Every structure is written in C-alpha cells, then in structure tokens.
Amino acid sequence: MKPNNFTVKMLSKMRTSGIYLKFSSLSRKGNFSNLLTLSFLALIVVFSSCQRKTTTTSSSISRKAKAKEVDYEFFQARGRVTYENGDNRERFVVDIRMQKDSLIWLSLRSGTGIEGARALIKNDSIFFINRLDKQYMMYSFDELDGKVNFPFSLKMLQAIIVGNPVVFEGGTALVDKVDNYKVLSQLLDNIKVQFWVSRNSSKLEKITVEDINSRNELNINYTDFQRVDRTDLPFEINSVMSYYDETGVKDANIELKYSKAEMPQEQLKFPFKILPRHKRVYIKFDNDQE
C-alpha cells in the first residue's frame, strides 16, 4: 500500500530504551532473525488503512461461499520461507505450532539450524524475541487495534496460515461467480478484500487486498494442495505486496513452502521465555507521542 505518514514513520525507525534505531539496521543482509520482525511489521502495514471496527470469523464463510475449511485441534508444520524485495533475497526455516483458537508458536532458524527468533501469539497479545540481538516486542491486540484501527485476532492469523477464508463482520459482503471461482468480496472503507474459492475443490486458492485510493495491492496464492489427516492443505503460500514509493511500483514477495505438516491429536508444547537480558523494542507508530 502507498506509504502514508504512518507507514513511513513505522518502517523508518524503531525505538528501544528511549533511543531510536534506524530500520535499515534490522534488515542487514545475512541476519535472518530480523526477517520475522519485517514480516510482523508488513502484516501491520497491509491492513493499516482499514478504519472500521469489525470482528472476524472464519465459520460464516462456509454459508456464503461454501468453502471447505481446514479443521484441526492442533497443527504443526515446518517450511522454508523465501523473502525477496528488489535485490534483497533471504531464506530461512520456520517451525509453526498452533492450538486452534488458543495459540500460535513460531521458531525461525537459519539453514544451519541456529534459532534466531521465536514468536508466541495468544488470544489477546503477540510476543516476539530476536535472540541474536537480545531484543523482544510485546503488544496486546487492543494496543495494535488502537494504533492501526484494524481488529487483529488470533483466529484471523490462524485462518491465513492454513488457508481458511475470513469474513469481516460489519463490512459489506457479497458472493459472485467469476470464471471457476466463487468470490467473496468485502468492502471495509477504502479497502477491498476478496477471497477466491475454487468451484471445483471448494478450497480457498487466493486472497486479494486492494487499497482503492492508492491502488496498492496484496495478493496471497495457495497452491500444491496435499492430503493431511482427511483434509486438503496448501503446501505453498505465496504473498506479493505491490506498493508505490518515489521511484515507482515495488514488489515485496514472501513465499512459504511446507516440507511437512500434520494435525496431531496430542497436546503440543509451546516453549517461550523472555530473559532479563532481552531489551524491549517498540514500533514507532504515527500517533505515538514523542
């Protein structure tokens, strides 16, 4: 999306212990742990223009577009993530564990197996540790909602990870047939969100998010569906964010390819601990007081 004042300030600097840090220091080549920070910030930027307060649900989509959703109690997967932005290309391995409607746990590692970052997302908050730089972030969803006027939720993030559609209650929503898809379209102020459900498989195959004013876009594509515990799960998720800066149109691409995924019956472990030596880092939002 077009970098407004909020976006530019958020991406240009961060602060910790009262000292501002240039964002470029978080993206130096080779420091794979910082890519999760970048992904976390990108997620906020993608939805930051939505101004209407809404709630989210993934179940009512079945009545609207007849999508076959991935149903699970516990979910775990390992995959390789590739991040590309201009000439910058990075790769890392991510482990994901989830308990439905309860927890998301992420571990980010280099190809040599060194863990650089870990994240834990609960129903009411997000925690992130950068192990290499001994830093952490912690935000409640209420805090993020107040900062960017968008209702972040655990259910929404879990739905995106496994390829389930999300309905934003309170926004204008309708279902159309377009070629081989049932398309659920929703308008949230100046943001148009569409979920494209295949009429053949009844699976969500792509999500498009467009800022009507700036024409900036986010496109998420789900491919390589494989059978996992009596359900079809996308093993490849590719997201492209197209945005404008002073030099023209730019693309940022994040590709996730699962190497394995399962839905175990037993309780998973979600180890997470912030140590005293870790310094808290704050995102600099536009509406923060200096």
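At a glance:
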read-out	value
Selection count, the stretch 160-187, where residues are out of contact with any helix residue (DSSP H, G or I) (no Cβ under 6 Å at 6 or more places or on another chain), of a type in the set (A, V, I, L, M, F, W, C) and either assigned to a loop (DSSP other than H, G, I, E, B) or surrounded by 21 or more Cβ atoms within 10 Å (Cβ to Cβ) (or both)	2
Residue tally, condition open to solvent by 40 Å² or more (accessible area, probe 1.4 Å) and assigned to a strand (DSSP E or B), over the stretch 261-277	1
Qualifying positions in the stretch 82-127 - open to solvent by less than 70 Å² (accessible area, probe 1.4 Å), acidic (Asp, Glu) and in contact with a helix residue (DSSP H, G or I) (Cβ under 6 Å, 6 or more places away or on another chain)	GLU90
Residues that are free of Cβ contacts under 8 Å to residues at least 60 places away in the same chain and either surrounded by 14 or more Cβ atoms within 10 Å (Cβ to Cβ) or in a strand (DSSP E or B) (or both), drawn from the stretch 236-260	GLU236, ASN238, SER239, VAL240, SER242, GLY248, VAL249
Where a residue in the stretch 211-232 is of a type in the set (A, V, I, L, M, F, W, C) and at pLDDT below 95 and its partner, wherever it lies, is surrounded by fewer than 16 Cβ atoms within 10 Å (Cβ to Cβ) and not in a strand (DSSP E or B), with Cβ under 8 Å and at least six apart	ILE212/ASN190
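The values are calculated or read from the model by the stated rules, or taken from the named source; none is laboratory data. These figures come from a predicted structure and were not determined experimentally. Because the Cβ atoms are built from the backbone with ideal geometry, glycine has one as well, and the counts that use them run over all protein chains shown. Accessible surface areas use protein heavy atoms only, side chains included; no ligands, DNA or RNA. Shrake-Rupley method; radii C 1.70, N 1.55, O 1.52, S 1.80 Å.
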